[in-house]
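Only one structure is covered here, and it is reproduced in the block below.
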Amino acid sequence: MEHYKKIIEDIYAEVKSVEDIGTLANYIPELALVDANNFGINITNINNTSFGVGDFNKKFSIQSISKLLSLTLAYKLEGEKLWDRVDVEPSGNPFNSFLQLETDLGKPRNPFINSGAIVVCDILLSHLKNPKDDFLNFCREISNNINLNYSEKVTQSEKDSGFRNIAICNL
């Protein structure tokens, strides 16, 4: 772990020194309340030894990183059949584009844009007996973190402001 510790510390120092010109995602009201200075890195090896630097102990919302986790479970459940419903091509358009979905005649371009992630969620809903709990348990298992959870505040904030995603579902 000592080898990784030095690498993580060096990466942290380098990234921390870069001018941050980004902005908080204010289209989800709860995320606009997050401290923009939060930054941390953590690594856990296969022996469950961890090292972190910065704000690594703070909880944070993973947002679209969850698309990779849901895709992993959907692929485990569906295999190659998954690609009948969602493609694997780059989109070149915003992650929440209506135009892309219309152009592609309703088949999302890939699982990492919102329309593709919605299809992946539909696949999970069709396979899992208790989708919310089953997905959370899958994420806990692959992360080896039994304390992993989701935020009710962020969930509600997404529901209250996710009109575009609802429109994508209807489209």
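Observations
- Compactness of the chain - radius of gyration and Dmax, Cα, Å: 18.1, 52
- Cross-link pairs 16/58; 81/107; 58/159; 132/159; 16/153 - those with Cα-Cα distance over 20 Å: 58/159; 16/153
- Counted residue by residue at 0.36 nm each, then reduced by the alpha carbon distance between them, the extension gain from residue 42 to residue 152 reaches 37.2 nm.
- Sorted on the mean count of surrounding Cβ atoms within 10 Å across their residues, most packed first, peptides 106-119, 77-90 read 106-119, 77-90.
- Computed from label points 7 Å out along Cα-Cβ, the spacing between residue 64 and residue 95 is 0.4 nm.
- Hits among aspartates and glutamates - C-alpha to C-alpha of residue 129 under 20 Å, sequence gap 8 or more where chains match: 78, 141
- Inverting the pair-averaged 1/r between distinct Cα atoms of the stretch 85-166 gives 14.4 Å as its Kirkwood hydrodynamic radius.
- Length-normalised contact order of the stretch 65-170 in % [C-alpha pairs under 8 Å, at least 6 apart]: 27 percent
- Förster radius 30 Å - calculated FRET efficiency between residue 10 and residue 35, Cβ distance, rounded to 0.05: 0.80
- Folded to 0 to 90 degrees: helix 131-143 orientation relative to the chain principal axis, Cα: 40 degrees
Readers should treat all values here as calculations from the given coordinates under stated rules, not as data from a laboratory. From a predicted model like this one, the values you see are computed outputs, not experimental measurements. As a convention, Cβ positions derive from the backbone with ideal geometry for all residues, glycine included, and neighbour counts pool all protein chains shown.
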